[in-house]
Amino acid sequence: MPLPPVPALRKTRAPLVALAALLVSLTPASGAMLLVANKSEATLSLLDLDSRALVATLPTGEGPHEVAVSPDGSTAAVANYGGRAAGSTLTLIDLAARRVARTIELAPHRRPHGLVFLPDGRRLLVTAEESRALLVVDLERGVVERALTTGAEVSHMVAVAPDGTRAYVANIGSGSVTVLDLASGERKSEIRTGRGAEGIAVTPDGAELWVTNREDDSVSVIDTASLAVVATLAAPDFPIRAEATPDGSRILVSCAGSGDLAVFDRRARALERRVPLPAAAGATEGKLFGGRFGASSVPIGIEIAPDGKRAWVAHATADLISEVDLERLAKSGELVAGREPDGMAYTPLGAR
């Protein structure tokens, strides 16, 4: 998706961090890439998935929490959540050129977090926590097209129906999911799930939502036809993200407190296996959860390969990413990005 030229790029970090844009791995690479948002250093790492080498490190705004890739794989958008001061920008990355393309200002909306592209690839859905809203951003024009009110506290993550007609927003503060009609902008429903509703995944057929309730150590299953909770499953400790496999047979849930990955059988609505993700916790100072989880490496972000054979889980305190073999349901390797990795995305565009 081509992006219009802009007169100048907004400065997002000090010169030392800007130099990171010039860091390119000397290891030859040619495969697809994993994009990793590094919250504590305001960067995005581009990792080649064939060689597991660092391809490039690009500057973002402060506190990049989530990243999403356009349907054609050419553009990445990063939500700059901010630190002590609330963030209000998106960073757009030209993935073919491996460079920052532009910065989009979202103010007066602040604390952008969850991201998902609409099927047209031109518009992006962005949660804005301080506004209690879901923003529809036109990336070609670089403007907020609409702000849809969630009416809930700490609207954090967002998922979209496969046909692009509905958005589902998980609200940490309200322990709920808001359902929004994207054509009319109407707020269709608010579904109570559990305390700390945060991670959210829509199944590929669009029939179910799986929502992690981090304070209740549970996962709620919502039927999207009736908009009702049809099952609540135990998921200790501190389930924080959920992702559906491409075939819709499993839901992966990262558990920040226990430091592992819970794999649920969707059809049975039951836990299939807990996958250990051994990783030594590192320094916690300045990181979002600090030392709250003790020796846990705090796995948060999850990304699944389009073929469903591999998944990656970002460990916020260990500063690494676990690779998981989904056929064996076992950890199969590690990748290293930057400090406090979290949000991730896959692109078929590899290094050249």
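All of the numbers you see were taken from the coordinates with simple rules; none came from a lab. It should be emphasised that the depicted structure is a prediction, and the values quoted were computed from it without experimental measurement. Don't worry about glycine lacking a Cβ; one is built from the backbone with ideal geometry, like all the others, and counts go over all protein chains shown.
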Full-stretch length increase - ARG195, GLU215 - with 0.36 nm per residue and alpha-carbon distance subtracted: 6.7 nm
Structure-based [θ]222 nm, the chain - -39500 (n - 2.57) summed over DSSP H runs of at least 4, per residue, nearest 500: 0 deg cm²/dmol
Protection-proxy order for peptides 208-214, 82-88, 169-175, each taking the mean of Cβ atoms within 10 Å per residue, highest first: 208-214, 169-175, 82-88
Table column - 3J(HN,Hα) (Hz), region 33-40, Karplus curve with 6.51, -1.76, 1.60, x for Gly and Pro: 10, 9, 9, 10, 7, 9, 5, 7
Long-range HN-HN contacts of GLU41 with modeled amide H, under 5 Å: ARG339
Rel. contact order, % - alpha carbon contacts under 8 angstrom, at least six apart, the chain: 13
Under Karplus coefficients 6.51, -1.76 and 1.60, residue-wise ³J(HN,Hα) of region 295-303 in Hz, glycine/proline x: 7, 5, 7, 6, x, 10, x, 10, 9
Hz values of 3J(HN,Hα) by residue in region 170-183 - Karplus curve (6.51, -1.76, 1.60), Gly and Pro given as x: 8, 10, 4, x, 9, x, 8, 10, 9, 9, 10, 7, 6, 6
Length gained when the stretch SER51-SER184 is fully extended (0.36 nm per residue, less Cα-Cα span): 43.3 nm
Separation between Cα centres of region 232-250 and region 135-211, rounded to whole Å: 18
